[in-house]
Amino acid sequence: MTHSDAAAQIIEAVGGKQNVSNAWHCMTRLRFALKDEAAVDLETLNAIDPVVGAQFNSGQLQIVIGTDVEDYYKPLMDQLGMAQQDAIDENLDADGSDKKNLLIRFMDVVSGTFGPIVPAIAGAGMIKGLLAGLAAIGVISNQTDTYIVLDMLASGVFTFLPFFVAASAAKIFKTNQYVAVAIAAAMQYPAMTAAVAAGEIERFMLFGVLPVPVFSYAGTVIPIIFATLALSYVWRFVDSHLPKIMRTVFTPLISLFVTGIVAFTVIGPIGIYFGDALAAGVSALFTFSPVLAGFIMGVTRPILVFLGLHHAMTPVALQNFANQGWDMLMPTMFMANLAMAGATAAMYLKTDDEREKGVIAGAVVSAFLGITEPALFGVLSKYRKAFAAACLGAGIASAVICAFGVRIYGYILSSIFSLVAYIGPYFPFALLGIVIAVASSFAIAMVLTSRSSN
């Protein structure tokens, strides 16, 4: 079946093109805004060859395809007669309802902001992890030119992360991306970074009366997200009150000036304190009980991924790297991905359906490589006891590695290839965690489920 044929079948199963208001895609899923959800034939939809799973979530129909989703998205949009859009991520899982509390809405925004950035930070993180591993075993010295150049390649995205966050958040808040990036650039301007490095002053005085605290915004996330949110309100207000002939010049001028000052004096400092508080809270939990903290982080990880909120923990991990040079959350994410792979693998032995076996095998491989959506939505969402097994396996393995103090020194995609980043004193315990994550989730799933379990 061609991609075009599959797209045509998907359109028919969702109620026809007349039932589609809009369509997007993320890393692994097609997403639909529909006029009538009752018109969707889920049984037919799930039987279409590339479809791994389908479900309604927060007002959307989400169809899990896999990492080749874009190959199906292009003909789909052509047949719908709609313009293609850039890949998005979990932000659209939020339905915008006021029923959501502020914490959930904040997590939605953070998740949606980081979704599009993941390829950049994952690629850079893999280079960083590989460098760390090679340096740990003495293959390369961190004093060589080669190391320095490769480290620049790996570290650039993290140093200038506010630029990426600004561009991504601007899409979410529907405001001008370039002005958002301009604010991020201002917050990392050399005058600010040099003042931080010198440590000689605590603040600048704007107009002689407004204090601008001196902070390092390199690698930060929370300040620029809130600054971009503020920009969206300022931009709309200014744009709506200016004559059209003046908007091209004066809307960005006034928006940058007002939002920039507010970002420097209020939003940035509050964002720094808020980010530090989040990281300190997680750190306090690990200090109180590494085992309990590991179990909580591990057992909830598959649930967060299922809800599309998994990137909400990324700012905490990044803040840990910025504050202390290492992080203990990402190892638990690693364990969770492997636990999902283990529980999914158990379902391979629980089904006699050859097509289902093929789907499961692909999902297991994908989960080992760090992409867990096919396993979650295509397999574990149908075998709920296996989903519980994945959560328990992740919790157990995470508790064990946290008991041994396993940590990581740079952001890296949570896949089997990230193991190289653990080379060093924690390597044996990371290996132990992998075995426990896969074996425990597999064993629990085998015990809890039966061939008829669904």
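Details
- Exactly one residue among GLN319, GLN324 is polar (S, T, N, Q) and buried (at least 17 other Cβ atoms within 10 Å of the Cβ), and that residue is GLN319.
- For the stretch 350-362, the count of residues that are more than 20 Å from the chain's Cα centre (by Cα), free of Cβ contacts under 8 Å to residues at least 40 places away in the same chain and under 24 Å from LEU431 (Cα atoms) is nonzero.
- Test for TYR147: is it surrounded by fewer than 16 Cβ atoms within 10 Å (Cβ to Cβ) and over 23 Å from the mean Cα position of the chain (by Cα): yes
- Note on the stretch 392-409: residues that are in contact (Cβ under 8 Å) with a residue 60 or more places away in the chain and surrounded by fewer than 24 Cβ atoms within 10 Å (Cβ to Cβ) total 7.
Let's see how each residue does on (1) touching a residue at least 24 places away in the same chain (Cβ under 8 Å); (2) outside any loop (DSSP other than H, G, I, E, B); (3) within 30 Å of TRP24 (Cβ to Cβ):
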{"site": "ALA135", "(1), (2), (3)": "no, yes, no"}
{"site": "ASN142", "(1), (2), (3)": "no, no, no"}
{"site": "THR146", "(1), (2), (3)": "no, yes, no"}
{"site": "VAL149", "(1), (2), (3)": "no, yes, no"}
{"site": "PRO162", "(1), (2), (3)": "yes, yes, yes"}
{"site": "THR175", "(1), (2), (3)": "yes, no, yes"}
{"site": "ALA182", "(1), (2), (3)": "yes, yes, yes"}
{"site": "GLY208", "(1), (2), (3)": "no, no, no"}
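- PHE377 being in contact (Cβ under 8 Å) with a residue 60 or more places away in the chain, touching a strand residue (DSSP E or B) at 6+ places or on another chain (Cβ under 8 Å) and aromatic (Phe, Trp, Tyr): yes
- Against the conditions (1) assigned to a helix (DSSP H, G or I); (2) at pLDDT below 90, ALA54 satisfies every one except (1).
- Candidate set from the stretch 339-359 (those that are in contact with a Phe, Trp or Tyr (Cβ under 7 Å, 6 or more places away or on another chain) and at pLDDT 85 or above); member that is farthest from SER418 (Cα to Cα): MET347
- Conditions (1) touching an Asp or Glu at 6+ places or on another chain (Cβ under 8 Å); (2) not assigned by TED's automatic domain parsing to the domain that holds PHE429; number of the one not met by ILE272: (1)
- Scanning the stretch 322-332 for residues that are assigned to a helix (DSSP H, G or I) and over 12 Å from GLY393 (Cα atoms) yields ALA322, ASN323, GLN324, LEU329, MET330, PRO331.
- One residue from LEU392, LEU419 being assigned to a helix (DSSP H, G or I), over 17 Å from MET297 (Cα atoms) and not polar (S, T, N, Q): LEU419
- In a residue-by-residue description of the stretch 95-104, the property of being acidic (Asp, Glu), surrounded by 23 or more Cβ atoms within 10 Å (Cβ to Cβ), outside the structural domain of ARG301 (by TED's automatic domain parsing) and modelled with pLDDT under 70 applies to no position.
- For beta carbons closer than 9 Å, sequence separation of 6+ or different chains, a first residue in the stretch 215-228 that is among the aliphatic types (A, V, I, L, M) and a second that is assigned to a loop (DSSP other than H, G, I, E, B), the qualifying pairs are ALA218/PHE160; ALA218/GLN188; ILE224/TYR217.
- Summed over the stretch 217-253, the residues that are β-branched (Val, Ile, Thr), out of contact with any Leu (no Cβ under 8 Å at 6 or more places or on another chain) and farther than 16 Å from VAL165 by Cβ give a count of 5.
Conditions tested, residue by residue: (1) charged (D, E, K, R); (2) surrounded by fewer than 19 Cβ atoms within 10 Å (Cβ to Cβ); (3) under 31 Å from the mean Cα position of the chain (by Cα); (4) not assigned by TED's automatic domain parsing to the domain that holds GLY275.
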{"position": "PRO190", "(1), (2), (3), (4)": "no, yes, yes, no"}
{"position": "TYR233", "(1), (2), (3), (4)": "no, yes, yes, no"}
{"position": "VAL249", "(1), (2), (3), (4)": "no, yes, no, no"}
{"position": "LEU256", "(1), (2), (3), (4)": "no, no, yes, no"}
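- Set GLY268, GLY219, GLY281: member being surrounded by 14 or more Cβ atoms within 10 Å (Cβ to Cβ), under 21 Å from the mean Cα position of the chain (by Cα) and not acidic (Asp, Glu): GLY219
- Qualifying residue in the stretch 375-382 (condition: surrounded by fewer than 24 Cβ atoms within 10 Å (Cβ to Cβ) and not in a helix (DSSP H, G or I)): yes
- Options ALA341, ALA430; residue that is surrounded by 24 or more Cβ atoms within 10 Å (Cβ to Cβ) and part of a helix (DSSP H, G or I): ALA341
- Of the residues PHE306, PHE286, the single one that is among the hydrophobic types (A, V, I, L, M, F, W, C), under 21 Å from the mean Cα position of the chain (by Cα) and surrounded by fewer than 24 Cβ atoms within 10 Å (Cβ to Cβ) is PHE306.
The values are calculated or read from the model by the stated rules, or taken from the named source; none is laboratory data. The structure presented is a predicted model; accordingly, all values stated were derived computationally and were not measured. Backbone-built Cβ (ideal geometry, glycine too); neighbour counts: all protein chains shown.
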